[in-house]
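Peer 1: One structure, as structure tokens, below. Some questions next.
Derivation of every value follows stated rules applied to the coordinates shown; laboratory data play no part. Since the model is a prediction, treat every value here as computed from it, not as a measurement. Quick reminder, even Gly has a Cβ in these numbers, built from the backbone with ideal geometry, and neighbours come from all protein chains shown.
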Amino acid sequence: MGSIASCRAALISFALVLPVVAAAGPGGKIASAAFQSTWGKVLLALLSLIFLPLIIYVAIAEWRAQRRTLAALASLGKRNPAFDWFTLKDRVTDSFQRVHSAWRREDMAEASAWMTDWYWQNQQLVHLDAWERDGLVNHCQVKKVRRMRPLALSCRNFDGQGGGSRVVVAVTALMEDYLAERSTGKVVEGKKGFKDVETVWTFVLEDGAWKVNNIEEDSMTLAYAKLSTDVEELLHPSGASSGPLPVHRPPPGGRLH
């Protein structure tokens, strides 16, 4: 599912059918309506056959990246609970729902405890405020989170507790996402109706809590899957003992799940 979605961007661009994304949705992307028609699905099936070797390559690369990242998180989770995958998965789920809730209300400050300061302000100014001035509104509703795949991990240790570390997670959710005119309700980008949409979320560890630092389209999954996993700074920090990392208890509003 995720691998086919990763290739879809390249297939669409190659076929010159429609853009994969437009400005909407958290991260400034709206789910593409390309290939939703009957003929579009037929074209996608034909392109999938033509690019089958590429799809297989992407699937293998992302599967390896997921295994590699999960193994790294398992090792680090024994030293710092913030890196435990089950704890991290809860945090990703919570962040995903809260960011989309704030997005629907057009007030990203509501999700400020789950996002880095620069990112939630960027999303508010660059997208939501701009659409309001243009008389547009993004209808974005999540029905169910179906799948999460950790693809990359880069460890830092700015504060002795893993601060500055980043993890990239591909999230697939059943959701509706389209941009419409406020006054008439006319759809200008995307399409009404729920469908599976995959986006790529980057989290950074700040003060013991994982916070959303970027949201990108699914065409980025392979690029992140090809990155090497960097955990040396936490497993073998310079001048540090081999004992567990000190655990920092996150402040209210910045909990780990």
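Peer 1: What ranking do 122-133, 95-106 get when scored by the average of other Cβ atoms within 10 Å per residue, highest first?
Peer 2: Details: 122-133: 15.4, 95-106: 18.8.
Per-residue Cβ counts within 10 Å, averaged per peptide and sorted highest first, yield 95-106, 122-133.
Peer 1: Please give me the summed charge of the neighbours of LEU128: other residues whose Cβ is under 12 Å from its Cβ, Lys and Arg +1, Asp and Glu -1.
Peer 2: Local net charge: -3.
Peer 1: Quick one: what are the phi-derived ³J(HN,Hα) couplings along the stretch 148-155, Karplus 6.51/-1.76/1.60 with θ = phi - 60°, whole Hz, x for glycine and proline?
Peer 2: Using θ = phi - 60°, the values come out as 10, 10, x, 10, 7, 9, 10, 9 Hz.
Peer 1: Would you kindly derive the ³J(HN,Hα) couplings of the stretch 158-165 from the backbone phi angles with the Karplus curve 6.51 cos²θ - 1.76 cosθ + 1.60 (θ = phi - 60°), listing them in order in whole Hz, with x for Gly and Pro?
Peer 2: 4, 10, x, 10, x, x, x, 5
Peer 1: Highest mean first, what order results for 46-59, 142-155 on Cβ atoms within 10 Å?
Peer 2: Values: 46-59: 14.5, 142-155: 18.7.
The peptides rank, most packed first, as 142-155, 46-59.
Peer 1: Once R0 is set to 45 Å, what does the formula 1/(1 + (r/R0)^6) return for the Cβ-Cβ distance between ARG146 and SER228, expressed as a FRET efficiency to the nearest 0.05?
Peer 2: Taking R0 as 45 Å, the efficiency between ARG146 and SER228 is 0.95.
Peer 1: If I histogram all Cα-Cα distances within the stretch 145-198 using bins 5 Å wide from 0, what percent of pairs lands in each bin?
Peer 2: So the P(r) values, bin by bin, are 5, 16, 13, 13, 11, 12, 10, 8, 7, 4, 1.
Peer 1: List the pairs from LYS89/LYS191; LYS78/LYS144; LYS144/LYS186; LYS144/LYS192 whose alpha-carbon separation is above 21 Å, in the order I gave them.
Peer 2: Details: LYS89/LYS191 29 Å; LYS78/LYS144 30 Å; LYS144/LYS186 26 Å; LYS144/LYS192 16 Å.
From LYS89/LYS191; LYS78/LYS144; LYS144/LYS186; LYS144/LYS192, over 21 Å: LYS89/LYS191; LYS78/LYS144; LYS144/LYS186.
Peer 1: Could you give the alpha-carbon Rg of the stretch 31-172 over 2.2 N^0.38 Å, rounded to two decimals? It would help to have the intermediate numbers written out before the result.
Peer 2: Numbers: Rg = 18.9 Å, N = 142, 2.2 N^0.38 = 14.5 Å.
Compactness ratio reported: 1.31.
Peer 1: Just to verify a number: FRET efficiency for ASP84 and GLU132, C-beta to C-beta distance, R0 = 30 Å, to 0.05?
Peer 2: Working from the Cβ atoms, E equals 0.15.
Peer 1: Hey, what do the phi angles of the stretch 172-181 turn into as Karplus ³J(HN,Hα) couplings, whole Hz, using 6.51/-1.76/1.60 and θ = phi - 60°, x for Gly and Pro?
Peer 2: Each residue's phi maps through the Karplus curve to give 10, 9, 7, 8, 10, 8, 8, 9, 9, 6 Hz.
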